[in-house]
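The values are calculated or read from the model by the stated rules, or taken from the named source; none is laboratory data. Source: prediction; values computed, not measured. Cβ sites come from the backbone with ideal geometry, for glycine too, and all protein chains shown count toward neighbours. Keep in mind that these areas ignore ligands, DNA and RNA; they rest on the heavy atoms of the full protein, side chains included. Shrake-Rupley method; radii C 1.70, N 1.55, O 1.52, S 1.80 Å.
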Amino acid sequence: MTATSARPDTAAGAHDLAKAPAAGERRRPRLPFSPWHLLLAPLALVFAVPLVWLVLSSVMSNAEINRFPPALWPSGIDLGGYRYVLGNAMFPRWFVNSLIVSAVTVAANLVFGSLAGYAFARMRFAGSRVLMGLMLATMAVPFQLTMIPTFLVMKKLGLIDTLGALIVPSLVTPFAVFLLRQFFLSLPRELEEAAWIDGCSRLRVLWRIVLPLSRPALATVAVLTFLTTWNDLTWPLIAINHDTQYTLQLGLTTFQGQHHTQWAAVMAGNVITVLPVLLAFLGAQKTFIQSITSSGLKG
């Protein structure tokens, strides 16, 4: 009886030993964050250095900025650059001009980009693929090649030296059309077919069904269009002559003279210019990432 009863105990002990991890297979300690953060955190610091340097330089005096070797930390907070910028009578006008141009351009890209993107995604017509390819090919054409023709067209329209010259060439962009088309392709057709059965037209389906589901893509188009338009300097430098029509980027160049530059004012003006873009991106960061990941699901 004793030998017989010991057999199950021996088998159970052998089973437990088999379950126990070997000495060389110890469980590795898990990090409280993703291992990718070990690479991304230093890269984020590298990219943040210019922004930190910009903010610190904006509260330095011109003497500190021009000193060699340069000062890494301000000896005190000097708001002379901000007073110089905000005391400029034209600065509020430049800010409003940039805001008008950016807001109209963003709204136009959302409207026209949605219409064109939906047409390419859902409507099949003769030459649709050719037109799509030609539109995408224009993204590879550098602005330097289209700069003179665009100037001549704006001159014929009488828009040179007006805000219209900054708005009309950017009313719709191939990128907005392409991104929205890709996102529309990822949406299930069943939702639209159900609306068609209920008697909705294509425009009503787009407005009531498709666009509410496409908020991440719309937010991405809005942020990137705003960023591009707000920071544009080359085209305003060509199309605008009078200082009352300057945008912020063009107005800041007036602080840099041939013999003397107000570097504290330049840094302060750039801080004020960066703030709207930074706030817009932080506000739409989640939808931006969601749109980029969703728009590549289906081609």
Original post:
If you check every pair at least six apart or on different chains, which have Cβ atoms under 7 Å apart with a residue in the stretch 184-201 that is in contact (Cβ under 8 Å) with a residue 40 or more places away in the chain first and a residue that is in a loop (DSSP other than H, G, I, E, B) and crowded, with 16+ Cβ neighbours inside 10 Å second?
Top reply: PHE184/SER214; SER186/SER295
Subject >> Meets criteria (out of contact with any Gly (no Cβ under 9 Å at 6 or more places or on another chain), open to solvent by 70 Å² or more (accessible area, probe 1.4 Å) and in a helix (DSSP H, G or I)) for VAL130 >> reply: yes
Original post:
Going by the structure shown, is ARG204 crowded, with 19+ Cβ neighbours inside 10 Å, of a type in the set (D, E, K, R) and not in a loop (DSSP other than H, G, I, E, B)?
Top reply: no
**OP:** With the checklist (1) at pLDDT 90 or above; (2) open to solvent by less than 30 Å² (accessible area, probe 1.4 Å) in hand, flag the one item THR261 doesn't pass.
**Re:** (1)
Subject >> The listed residue being more than 24 Å from VAL101 (Cα to Cα), open to solvent by less than 40 Å² (accessible area, probe 1.4 Å) and either modelled with pLDDT of 90 or more or of a type outside the set (A, V, I, L, M, F, W, C) (or both), out of ALA137, ALA119 >> reply: ALA119
Subject >> Subset of the stretch 102-118 (residues that are in contact with a Phe, Trp or Tyr (Cβ under 8 Å, 6 or more places away or on another chain), among the polar types (S, T, N, Q) and farther than 11 Å from SER170 by Cβ) >> reply: none
Original post:
Hey, among the residues in the stretch 225-255 that are aliphatic (A, V, I, L, M) and open to solvent by less than 30 Å² (accessible area, probe 1.4 Å), which one's nearest to THR173 (Cα to Cα)?
Top reply: ALA239
